[in-house]
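For reference, the structure is listed below as structure tokens.
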Amino acid sequence: RTVDLYKNNNINEIHIVTGYLNQHIEEEIGTLAIYSHNPMFDSAGILLSTWLLKEKIEGERFILSTGDYISDPEIFPNFLAKEGDVVVAVRKKLCKDNDIKVKVDKNKIIELDEDILIKDAIGEFAMMIKFNNNSSTRFFQIVKDFLTQQKTDARIVDILNTMIIEGYNVVPHFIESHQGIEINYFEDIEEAEKRVINYDNPII
């Protein structure tokens, strides 16, 4: 679904970093994407996976998204049009304790973390980020720094928080609660299947 979302919005260079069951993914997606494989997927976090793309996309505009998040295709054109050094999709909702919460001030993101108080959060990090040329270069520099320091368990939000501290313009693109879902548990799959029906058959 994510590949189709990008293709339908004229994004034709799609890189997929695989880990577990990588052959199945490549068989399913075929020639629609370019593949890199992280052989340490079960011991290293997402930073190593992103590092594998450095030579291919550093300094270029790119969108980073995870394979476990389903988004309503309706949100994508406005997300692409949103301007900022870094644009982060934020799902407006009343957050739970374990959500990666987003704190905003004057239409700029000032922090992303699970430890943000629920009352201070405007919503949940929706696992889709757009980088411009300048922030793309800095993103990979920070990834290198973290890996050099053996912070292999660092998260994408740790990179974003570093960029916020450094003064990059990190802005939210708000989506409604029903326009996305992260799949972590079996019940999330059931809910995602219901939402996908609505995404594919919107009420006009």
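The values are calculated or read from the model by the stated rules, or taken from the named source; none is laboratory data. Given the structure is predicted, the values throughout are model-derived calculations rather than measurements. Cβ: placed from backbone, ideal geometry, glycine included. Neighbour counts: every protein chain shown. Each accessible area value is taken on the protein alone, full model and side chains, heavy atoms only, with ligands, DNA and RNA left out. Shrake-Rupley method; radii C 1.70, N 1.55, O 1.52, S 1.80 Å.
General remarks:
- Residue list for segment 129-181, filter: under 25 Å from Ile75 (Cβ atoms) and β-branched (Val, Ile, Thr): Ile129, Ile156, Val157, Ile159, Ile164, Val170, Val171, Ile175, Ile181
- Residue within segment 100-108 that is of a type in the set (A, V, I, L, M, F, W, C), modelled with pLDDT of 95 or more, more than 27 Å from Asp200 (Cβ to Cβ) and touching a Pro at 6+ places or on another chain (Cβ under 8 Å) present: yes
- Those residues of segment 32-90 which are touching a residue at least 24 places away in the same chain (Cβ under 8 Å), aliphatic (A, V, I, L, M) and farther than 21 Å from Ser136 by Cβ, in sequence order: Leu32, Ala44, Ile70, Ile75
- One residue from Ile16, Ile29 being in contact (Cβ under 8 Å) with a residue 12 or more places away in the chain, within 18 Å of Leu64 (Cβ to Cβ) and either in contact with a Gly (Cβ under 9 Å, 6 or more places away or on another chain) or assigned to a loop (DSSP other than H, G, I, E, B) (or both): Ile16
- Annotation: of all residues in segment 133-145 being surrounded by 19 or more Cβ atoms within 10 Å (Cβ to Cβ) and in contact with an Asp or Glu (Cβ under 7 Å, 6 or more places away or on another chain), the one that is nearest to Asp42 (Cα to Cα) is Phe140.
Residue-by-condition table, conditions (1) over 17 Å from the mean Cα position of the chain (by Cα); (2) at pLDDT 95 or above; (3) within 18 Å of Asp113 (Cα to Cα):
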site	(1), (2), (3)
Gln150	yes, no, no
Tyr168	yes, yes, yes
Val171	no, yes, yes
Phe174	no, yes, yes
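- For segment 1-56, the tally of residues that are among the acidic types (Asp, Glu) and surrounded by 14 or more Cβ atoms within 10 Å (Cβ to Cβ) stands at 1.
- Of the residues contained in segment 61-74, one or more are found to be at pLDDT 95 or above and surrounded by fewer than 15 Cβ atoms within 10 Å (Cβ to Cβ).
- Where a residue in segment 157-179 is within 17 Å of Asp99 (Cα to Cα) and touching a residue at least 40 places away in the same chain (Cβ under 8 Å) and its partner, wherever it lies, is polar (S, T, N, Q) and open to solvent by less than 40 Å² (accessible area, probe 1.4 Å), with Cβ under 9 Å and at least six apart: Ile175/Ser71; Gln179/Ser71
- Test: residue in segment 183-204 that is in contact (Cβ under 8 Å) with a residue 24 or more places away in the chain, assigned to a strand (DSSP E or B) and not β-branched (Val, Ile, Thr): no
- Any hit, segment 115-132, residues being more than 17 Å from Glu83 (Cα to Cα), modelled with pLDDT under 95 and surrounded by fewer than 18 Cβ atoms within 10 Å (Cβ to Cβ): no
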